[in-house]
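Reading through the structure tokens given below for one structure.
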Amino acid sequence: MRILAALLLALSVQAAWAEDDALSWLQRIHVATQKLSYTGTFVYRSGDQAETSRIVHVVGRNGPRELLETLAGQPREIVRSGDEVKYYLPGSMTVKVDRQTDHKAFPALLPANVHDISEHYEVSKGAIERVAGYDCQLIVLQPKDKLRYGHKLWADVNTGMLLKSQTLNERDEPIEQFAFTQIAIGGKIGEDQLKPRLLAKSRAWLVKNSGAVAANLATSGWTIKPDLPGFRKVTEMKRTQGGSSEVGHVVYSDGLAAVSVFIEPMANKTSLPQPGLSRQGAINIYSRQIVGHLVTVVGEAPAESVKKIADSVEYRKP
């Protein structure tokens with residue numbers, strides 16, 4: 001019995017050490033994507049859909065700045081500076097100005113407190129594999145329940161920069177992937193590389209500001225109380241539509257997955273989506289109508305989680 005007990009203790013210590021080692025890699029990834037400057041090209045894939053983008057990310061004394069440009073199909077550029085985001089959309093000759101939320105985008109996918117992730121995911125190290133010419137450590141995040149997707153992350157062994165990510169369904173099949181095909185990490189990046197190519201053309205375009213402001217939707221009669229372990233409210237705001245702040249926007253996250261709740265008057269809609277569930281890659285969308293409002297929940301989570309949040313939205317006249 002003593003030998004068996006000693007063996008079990010050794011195995012538990014080894015498992016704890018292995019998880020701590022894997023979590024330290026998540027911390028390295030977070031720090032690298034926040035502190036390092038880089039330029040590169042990555043490809044997004046989901047089903048038959050593929051999109052190639054160029055990214056320039058510079059970390060300076062005034063914080064990070066970023067330019068993201070699609071390289072195929074309809075031109076589109078996104079510029080991030082501090083908490084401001086500008087979308088240059090030549091198809092509609094529009095510049096949309098918005099406020100950065102806590103939603104994470106590749107390659108900066110991880111939160112500062114990575115230990116919260118281990119509450120709802122089993123975190124382990126995999127093999128060393130090559131991505132875009134770099135040796136990368138594979139980190140596997142296996143969900144502990146059916147309320148969230150699994151993930152695989154590939155990080156450069158030298159810098160910790162995230163070079164590839166996959167989102168996995170309940171059968172461990174990839175349903176979404178981001179992967180760099182070329183990247184230069186560190187070094188001097190000229191200011192001209194952050195300048196949008198569409199800047200000159202956009203001077204005559206329509207500018208739409210979302211007017212996003214912090215809000216408490218409960219004062220308007222709205223409550224959202226989802227029974228989803230690990231999903232916490234990270235953002236609550238109102239956005240401008242039709243000349244007034246009418247669209248409520250609340251974001252929930254478990255540190256990896258993000259789910260957005262939009263509440264808007266149906267009078268603002270020229271056409272209404274069919275109530276119920278729809279899906280685009282790893283994104284599930286659920287819509288329902290409540291007292292003259294359209295509630296739309298959009299999330300990088302299984303349909304069950306998205307529907308649970310949508311069904312928890314209630315209105316009581318204040």
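The values are calculated or read from the model by the stated rules, or taken from the named source; none is laboratory data. It should be emphasised that the depicted structure is a prediction, and the values quoted were computed from it without experimental measurement. Here the Cβ positions follow ideal geometry from the backbone for every residue, glycine too, while neighbour counts run over all protein chains shown. When the accessible area is computed, the model is the full protein with side chains, heavy atoms only, and any ligands, DNA or RNA have been set aside. Shrake-Rupley method; radii C 1.70, N 1.55, O 1.52, S 1.80 Å.
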Of all residues in the stretch 227-238 being open to solvent by 30 Å² or more (accessible area, probe 1.4 Å) and either at pLDDT 85 or above or of a type outside the set (D, E, K, R) (or both), which is nearest to His293 (Cα to Cα)? Lys238
Any chance the stretch 190-203 includes a residue that's within 30 Å of Phe262 (Cβ to Cβ) and touching a Leu at 6+ places or on another chain (Cβ under 7 Å)? yes
Scan the stretch 75-93 and tell me whether some residue there is at pLDDT below 95, among the polar types (S, T, N, Q), out of contact with any strand residue (DSSP E or B) (no Cβ under 6 Å at 6 or more places or on another chain) and farther than 22 Å from Thr240 by Cα. no
Selection count where residues are closer than 15 Å to Ile78 by Cβ, open to solvent by less than 40 Å² (accessible area, probe 1.4 Å) and outside any helix (DSSP H, G or I), scope the stretch 188-204: 2
State all residues of the stretch 286-313 that are open to solvent by 30 Å² or more (accessible area, probe 1.4 Å) and under 21 Å from Tyr149 (Cβ atoms); if no residue qualifies, say none. Tyr286, Val298, Glu300, Ala303, Glu304, Lys307, Lys308, Asp311
Could you list all residues from the stretch 205-235 that are out of contact with any Gly (no Cβ under 7 Å at 6 or more places or on another chain) and assigned to a strand (DSSP E or B)? Leu206, Val207, Lys208, Asn209, Val213, Ala214, Thr223, Ile224, Arg232, Lys233, Val234, Thr235
Conditions first: (1) in contact (Cβ under 8 Å) with a residue 24 or more places away in the chain; (2) closer than 22 Å to Leu256 by Cα; (3) open to solvent by less than 20 Å² (accessible area, probe 1.4 Å). Lys104 passes all but one, so which condition is the exception? (3)
Residue in the stretch 280-318 that is farthest from Pro174 (Cα to Cα), counting only those that are part of a helix (DSSP H, G or I) and of a type in the set (D, E, K, R): Asp311
I want to confirm something. Restricting to the stretch 140-165 and keeping residues that are more than 15 Å from Lys125 (Cα to Cα) and polar (S, T, N, Q), which single residue is most open to solvent (accessible area, probe 1.4 Å)? Asn158
Candidates Ala204, Ala179, filtered to the one that is among the hydrophobic types (A, V, I, L, M, F, W, C), under 17 Å from the mean Cα position of the chain (by Cα) and farther than 30 Å from Lys308 by Cα: Ala179
Could you tell me whether any residue of the stretch 59-67 is at pLDDT 95 or above, at negative phi and not small (Gly, Ala, Ser)? yes
